[in-house]
Amino acid sequence: MFAPPPPKKRACILHKLAPLVASAALLISSTYADEADRNDSAPPVSFEPIVITAPAMNKPLEVSFNPKAAQQPLPANDGASILKSIPGVSVIRKGGTDGDPVFRGMAASRLNILFDDEQILGGCGGRMDPPTAYIFPDSFDRVTLIKGPQSVRYGHGSSAGTVLFERAPTYFLQAGGEASASIMAASFNRLDYFLDAKAGTNLGYARGIVTYAKSDDYKDGGGKNVHSKYERQSASAIVGFTPDPNTRIELSTVKSDAIAAYADRGMDGSLFKRENYALKFEKEAIGSTLDKLEANAYYNYIDHVMDNYTLRDGAAMDMASNPDRKTIGGRITATLLPSDSLKAVIGADAQYNRHTARSSMADMMGRGGRDYAEKTRNEDFYFSQYGVFSELAWNVSDENSLVFGLRGDLWKARDSRVNSLKNPDGDADRSKALTSAFARYERDFGDGSFYIGLGYTERAPDFWEVNKEGAGETNATSQYVFKSIEPEKTAQLDIGAMAKLGDLEGFVSAFYGKIDDYILIQTNYRKPTRGALTIARNIDATTYGGEAGLAYRFFDDFKATASLAYTRGENDTDSRALGQIPPFESRFILDWDNGSWTFGALARFVASQNRYAPNEGNIVGQDLGKGESFNVFSINGGYRWGKAASLLFGVDNLLDKTYAEFISKSGASVQGYDQTIRVNEPGRVVWAQARFSF
């Protein structure tokens, strides 16, 4: 059993290793660069030092990019912050890391997050650890966002969309190896590094990935410290067997941990331990009809501790909570080619996850409060899901195609808590059959394409929703919604186009969705005998909006890019705004790149948000009131040394603006820190990053 040392000690060890990793990477990359200069036949090394600011759609409804490429705003330290560059994506800030991503106003299980066809489900009841908290962007090769309910291959209920973090398959034609590394330093004593190395022959390979990121508390534009320090580290080991170029069997494991301070609550995260084991099988080019088989199985264990004494002072009484979650799942798919114009993907998946918790609190004499590990874990919820799906793509002609998908799921859940007056749903089971489907028409024209699609999906309530209370008063007792809350049912129309005309290219995507039984989370809901509570209730809602982008290349070296995103949400049941909908946002980017040097500037304009619903939103956060408009300007630059190394640098929030995102969490009272209405964003941040490939 892997038993890492405490987070502070382990982080210190990794911190000491950082300069050694950077020095080794620089030495090897310099050697490689010299050798490449002497040998014109040296294989090319793929290296992308361009700063990502607003990736556009690559094909209908999809946005893909390389997470290893540098990013502005500041290069990401977790899975949420890497997504902020996509138009329409926001992040609910809680501190320096572990924010929750939001797309088109939809968060949590409405935005399905997968990494290499696996799911991570966090343990914290307050969303300290969303799935993206356990994702280290540099350890992946590609990130893809699929907009809306326009795929059924990656799980049920993806009403807002699906995000895929993927690693590229590895195969060596002959014995050899390759590696990449980076180290970044930034304001507030931030330090990030990663090393990714692999070697093998035509029969197999081995790959190792190490990542580390840490930062002290950051300051907002007004110079106020924000309780936000963190340290994160991960190590991945992968071995594969490739008996031929079309077959891959891969075994992998990941260990990671972190500590993180939060400015939005009375506790911090002192343990984010994750253990992962996965087995994959892929076989391609099997026959004329059966083209490909894929299968995977995985195990994820999350052990999380939150307390009020490790990363802060001044608590009246020590307390700690230690939830955990085990997730076991698998997936199998077959790709069929019935004819030259038809492609079908059929498959099945399953997942089981079990959540337990234990806690401790000091008594009136101040005794105890830190002895949670001596307590017994109690299971509170158990979930299982079984799904079958099929997608069919039909090329009707050279220009026209149709894509269809159908999915069925059986969702089961158990409330393992004790049956009581407070929880009459305790010791109970429930199950639901869920359906998802979509149909899409695509048409190509010259250097462009057009699409229109209609999707429908049913999303079962998640762990954070079923353990909330209900809206009614029942015999002067509380009543949880485990048995009564209904699954969401989303029907959405997606339409859009992409086009390129010479040096001008652009995209536009729009959507209109009707959501029956939308699960609304409401705080400060008052029951006569219970006081202010957080409840969950079903409403009907409407959302609509879209994203657009335009890029123009001029004078060979210059490129100008603009993007915008807008979402509007309506609570149809209560005839008011839907909570947690971000305001209109636009970005303007100017880049200059002559092959060796690159310089760029980013201007971000965010409108005020006057449509809000106080105390209403989702499991991550609720509206706090009106959101003020703000403008942020950032600059960046870089230099390449051939294909082996580059140095990138930038200044985010150049004018040291004091601002907060509309969908940020509220600021909590933390001793030694000024309390703010929302958690303010960082002020001016200066950063530099060296990247190597060899």
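The values are calculated or read from the model by the stated rules, or taken from the named source; none is laboratory data. The structure displayed is predicted, hence computed values, not measured ones. As a convention, Cβ positions derive from the backbone with ideal geometry for all residues, glycine included, and neighbour counts pool all protein chains shown.
Worth pointing out:
- Every residue from the range 400-423 that is farther than 24 Å from Y386 by Cβ and not charged (D, E, K, R): N400, S401, L402, V403, V418, N419, S420, L421, N423
- Looking across the range 36-71, the residues that are assigned to a strand (DSSP E or B), of a type outside the set (S, T, N, Q) and at pLDDT 80 or above come down to K59, E62, V63, F65.
- Checking G369 against (1) of a type outside the set (A, V, I, L, M); (2) modelled with pLDDT under 95; (3) touching a Gly at 6+ places or on another chain (Cβ under 6 Å), the condition it does not meet: (3)
- Test: residue in the range 613-631 that is touching a residue at least 12 places away in the same chain (Cβ under 8 Å), farther than 30 Å from G125 by Cα and either in contact with a Lys or Arg (Cβ under 8 Å, 6 or more places away or on another chain) or buried (at least 21 other Cβ atoms within 10 Å of the Cβ) (or both): yes
- If you filter the range 299-324 down to residues that are of a type in the set (A, V, I, L, M, F, W, C) and part of a loop (DSSP other than H, G, I, E, B), you find that the one that is surrounded by the fewest Cβ atoms within 10 Å (Cβ to Cβ) is A316.
- Filtered residue count, the range 516-534, keeping only those that are touching a Leu at 6+ places or on another chain (Cβ under 9 Å), touching a residue at least 12 places away in the same chain (Cβ under 8 Å) and either closer than 30 Å to L501 by Cα or not polar (S, T, N, Q) (or both): 4
- Strands (runs of 3 or more DSSP E) wholly inside the range 339-403 containing at least 2 residues that are under 22 Å from T310 (Cβ atoms) and of a type in the set (A, V, I, L, M): none
- Top-ranked residue in the range 350-393 [being surrounded by 15 or more Cβ atoms within 10 Å (Cβ to Cβ) and aromatic (F, W, Y); ranked as nearest to R417 (Cα to Cα)]: F381
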